[in-house]
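The structure under discussion appears below in the form of C-alpha cells.
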Amino acid sequence: MHIYREKNYTVLFTDGSINLSWKANLGEAKKNWKTVKQLLNKEHLNLAYLTQIHSSKIVLATKAGYQGPGDGIITEEAEIALVVLVADCLPIALAEETGAAIGILHCGWKPLAKGIIENCIEKLEKMGVEPGKITAYLGPCAGVCCYEVTREFYNIFPENFIEQREGKCFFDMRKFAKHTLTKLGVRKIYDVNICTICSGEYFSYRKGEIFSRQSALIIKNKI
Ligand SMILES: [Zn+2]
C-alpha cells in the first residue's frame, strides 16, 4: 500500500492483499472496500467509478457514483474518492496543489497512445488549473522489466520508450507517462516504481489474475 496524505488531498494505491474488483465476488469486494475506507478514516466515503474501456475519455464528476464509460475522472468536489481499478495498467493520480481540482487515470498502452494524459491536462487547464501546479503520482504497473509487447509498438510509440532484450520488445509505460507529463508542464512527479508482474505483491492480469484488481484513488479533503 502506498498512501500520500497531503494537506488538501489524499492519494492511495492499494496492493494485492485485497481484491477491490466488484466483478468476481461482490460480497468480498464490499467488505474489502470497507477496509479501505477504515484505512482512510472515512467510513462514509462515497466512490466515483467508471466502466473502464481503454480509451482517452475523461469524465467530470459532480457527484459520487457511477460515471459511465471512460478511463479518467476529474472533479472539483471534496469527499468523493475518484477510483480506478488496475492490474498491470498504470494508474495516475493528479492534484492541483491547493486541491482545487483532482483527477485519476487508468492508463494502459491504449489510453496512453490515444492521449489520455494530454486530454486530462487540457481539461484541467480549462478549469483554470496551471499544469505547473499539478503533482502527479504514478502507481504500480507492469514495468519495462516484464512488459513484453509486439514489434507493432514501434509504430505506436517513439523507440526510446521500447527496450530490446534478447530479441524481445518491452514497453516502458512509466517513462512514457513521465515524459508526457513533463512535456505538458507538470513538474512534480512521484513514482512508486513497482512492477506488478515481478514484485509478487500485486494483482497482475498478465500473470493470470483475470478478476482481481488493486485500486488507485484520490480524494480532495474538505477544507
Ligand atoms: Zn517486472
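Only the coordinates and a few stated rules stand behind these numbers; no lab work does. It should be emphasised that the depicted structure is a prediction, and the values quoted were computed from it without experimental measurement. Cβ coordinates were reconstructed from backbone atoms using ideal geometry, including for glycine residues, and neighbour counts include every protein chain displayed.
Summary table
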{"quantity": "Given charges at beta-carbon only (K, R positive; D, E negative), |dipole| of region 1-141 in Debye", "calculated": "440 debye"}
{"quantity": "Gyration tensor verdict on the chain (Cα atoms; rounded if a/c is under 1.5, prolate if a/b is larger than b/c, oblate otherwise)", "calculated": "oblate"}
{"quantity": "Per-residue Cβ neighbour rank within 10 angstrom, fewest leading, 86, 36", "calculated": "36, 86"}
{"quantity": "For region 68-190: rounded, prolate or oblate by the Cα gyration tensor [a/c cutoff 1.5]", "calculated": "prolate"}
{"quantity": "Estimated vicinal HN-Hα couplings, Hz - region 104-113 in sequence order (Karplus 6.51, -1.76, 1.60; Gly, Pro = x)", "calculated": "9, 10, 10, 10, x, 5, 5, x, 5, 5"}
{"quantity": "Charge tally in the Cβ shell below 15 Å around residue 191, where Lys, Arg are +1 and Asp, Glu are -1, residue 191 excluded", "calculated": "+4"}
{"quantity": "Counting DSSP beta bridges with both ends in the chain, the antiparallel % (nearest 5)", "calculated": "70 percent"}
{"quantity": "Cα centroid of region 146-179 to Cα centroid of region 1-48, whole Å", "calculated": "31 Å"}
{"quantity": "Computed [θ] at 222 nm, helices only, for the chain once each DSSP H run of length n ≥ 4 contributes -39500 (n - 2.57)", "calculated": "-5500 deg cm²/dmol"}
{"quantity": "Karplus-derived HN-Hα couplings along region 174-182 (A = 6.51, B = -1.76, C = 1.60, θ = phi - 60°), whole Hz, x at Gly and Pro", "calculated": "4, 5, 5, 5, 5, 4, 5, 4, 4"}
{"quantity": "Ranked 173, 1, criterion: other C-beta atoms within 10 Å, fewest first", "calculated": "1, 173"}
{"quantity": "Cross-link pairs beyond the 28 Å C-alpha cut-off, checked among 126/183; 114/222; 42/183; 31/123; 23/133; 123/220", "calculated": "114/222; 42/183; 31/123; 23/133"}
